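First the structure, in the form of C-alpha cells, and then the observations on it.
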C-alpha cells in the first residue's frame, strides 16, 4: 500500500505578479454572474435602446429628409439617461451581495489570508460591477458613435462634436463610479444582500423624492444637490453641453458626487478588514 | 392504553402564533433602523419646511397648476411624493419579499415548516406582523408631519382632520395591498427583491404616464383614485404627461380593486408558500 507524503509542500503553480490578484476575483465574479440566464436576458433588454438608436442613425443617414431623427449631442445624452434604469437594476442585482455575501459566509477572512490586499479585493469587486455597468452605458454609446460615422460615411459629425467621445466616456465613468462605490460601501456594512439592495434603492429614490418636495415648497431647483440622480443629471448636462435642468451650480453637484464617493471609500476602508473587532 | 390524539391547531390559531413570534422580531431588529430612517425623514423635512416658511423662504407650491403655500396643500404634497410614491411601495417590497426569504436565508425555515401547522399560516402570520409593524411606525410619523406642516400659512387643523383620517386609512390600505403582492413575489420568484423593485420603481412609474388600460395593472392607479389631495405638478414633461394621461377611477371601484388585489395575492402567497420546495444553501 503506497504511503503518500501528507506533510507541507511548497506551491508549485505559476506565481502571478503582485498587484494582479484582483483579476482573479473580477474574472470569477463576472463568470458567476454570466451563468445566470435571467441576467443575460436583462443585458439583452438593456441593449434594446441601442438597437433603436442604431435604426434611427441608419434612417437619418439614408433619408436626411427625416430631420426629426437628426443625430445631435442631445440624443447621446438622452441615450445615457435612458440607461439609468438598467444601471440601477444591474447595480442592485450584481452589487448588493458582492461584499455582503462574503461577510455572511465569513469568506472575507479567507480572502485576506491569501496574498491579496484589501485594496485588490475591493478593486476586484468594483471591477465585476463596473464591467457590467460599462457594458450597458459606455459600450453601446460608443458603438452608436461609431455607427454614426459608419452609416453616414464621413467624419463630419464627429468633427463637429469632437467632445462627444470624451463626454460619453467621462459621464459613463461617473455614472458607474457613483453607483458602484455607493453599493459596495453599503454592501460592506451588512451581511444581507437584500437589505443592501433596499438601502441603495432608498438612497437613490428617496433622495430624489426629497428633492421633489423641496422643489415644490421653495419653487427653486437649487436644491437638486440633495438628490443622487439629480447630481448626476446636472453634471451630465454640463458634460454634454446641453441645457441644464437645475439651477444648482455644477460645481456643487460635482462636489456632492465627490463627497458620496469619498464617504464610500472611507466606509470600505473601515469595513473591509480581515479581522472584525466585536465590542 | 391508546395514545392521545394529537391536538390540531386551526389555520387562524397557527397564524396568530406565528404573528406573535414575528411581530417582536420585526420591531426589534436591525432592519427597524431602515424603517425608522424612512419614516423619520419626512418628519425632519416637515420641520425644515416649517422653519423655512417661518423665515419666509417659500416659493411656488403648485397643485393642479395653481400656486399655493397653505399647510394642508404642502401636507398633501408630502403624502403624494414621499409616502405614496416611495415609502409605501418600498416598505412593501422590503418586508413583503423578506417574509419567507429571510427564513430561507437564515436557514430557519425548517423549524417553522416542521411544526404541525399549515405552511400557509406561517406566511399569513408573518404578513399580519409586517402589516402591524409598518402601520404602527408609519402612521404616527404621518400624524407628526400633519401637526408640523398643516399650520403653515395659516392652515387650520380641525377642518382638514377628516382628510388626515382618509390619508391614514389610505396608507394602511396601500401597505396591505403592496405587502400581499410582494409576499407572493417573495414566495414565487427566484429574485424577489429585484422583481419587486422593478415593479415598484420601473413598471408602476413608467406605465402611469401611458394612456390606456395598462395602468390598471398597477396598484398605484387604484391608490391614486383614493387620495383626497390634488396631484402636485411641476414644469417637467413627466409631470405634464402624468396629468394628461390621468384618468380618475371612482373611490368605490378603487377600494374594491384594492381589496381584490390584496385577497388574491395573499391567497396566492399562502398557496405558493405551502407548495414550494425550499432548498437551503449549503
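The table below lists the values:
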quantity: Angle in degrees between helix B:119-149 and the longest Cα principal axis of chain B, rounded to the nearest 10; calculated: 20
quantity: Gaussian network model of chain B, Cα within-10 Å springs - most flexible of B:104, B:132, B:90; calculated: B:104
quantity: Within a Gaussian network of chain B (alpha carbon springs, distance under 10 Å), most fluctuating of B:72, B:192, B:252; calculated: B:252
quantity: Nearest 10 degrees, 0 to 90: helix B:88-105 Cα axis against chain B principal axis; calculated: 20
quantity: Order of B:119, B:216, A:159 under a 10 Å beta carbon neighbour criterion, fewest first; calculated: A:159, B:216, B:119
quantity: Cα pair count fraction exceeding 32 Å, expressed as % - the protein assembly as shown; calculated: 53
quantity: FRET efficiency for residue A:163 and residue B:40, using Cβ-Cβ distance with R0 set to 35 Å, rounded to 0.05; calculated: 0.20
quantity: Ordering of B:199-206, A:49-56 by burial proxy (mean other Cβ atoms within 10 Å per residue, highest first); calculated: B:199-206, A:49-56
quantity: Shielding score for B:33-40, defined as the mean number of other chain Cβ atoms within 10 Å; calculated: 2
quantity: Between helix B:157-188 and chain B: long-axis angle, C-alpha atoms, 0 to 90°, nearest 10; calculated: 40
quantity: Calculated log₁₀ intensity ratio I(q)/I(0) where the Debye formula runs over C-alpha points of segment B:11-275, q = 0.12 Å⁻¹; calculated: -0.75
quantity: Gap separating the Cα centres of segment A:200-218 and segment B:193-225, nearest whole Å; calculated: 19
quantity: Residue order, fewest to most surrounding Cβ atoms within 10 angstrom, among B:146, A:111; calculated: A:111, B:146
quantity: Gain on full stretching of the segment that runs from residue A:70 to residue A:109 - 0.36 nm per residue minus C-alpha separation; calculated: 8.5 nm
quantity: Three-way shape call for chain A based on the alpha-carbon gyration tensor, with the a/c threshold at 1.5; calculated: oblate
quantity: Computed [θ] at 222 nm, helices only, for chain A once each DSSP H run of length n ≥ 4 contributes -39500 (n - 2.57); calculated: -21000 deg cm²/dmol
quantity: Residue B:253/residue A:259 FRET efficiency (R0 51 Å; Cβ-Cβ; nearest 0.05); calculated: 0.60
quantity: Highest average packing first - B:135-142, A:13-20, Cβ atoms within 10 Å; calculated: B:135-142, A:13-20
quantity: Partner chain coverage, peptide A:86-93 - average Cβ within 10 angstrom; calculated: 3
quantity: Estimated 222 nm signal from helices in chain B, with DSSP H stretches of n ≥ 4 weighted -39500 (n - 2.57), rounded to 500; calculated: -21500 deg cm²/dmol
quantity: Residue exposure sequence - B:263, B:128 - by fewest surrounding Cβ within 10 Å; calculated: B:263, B:128
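Coordinate-derived values only; no laboratory data. From a predicted model like this one, the values you see are computed outputs, not experimental measurements. Reconstructed Cβ throughout: ideal geometry from the backbone, glycine too, with neighbour counts over all protein chains shown.
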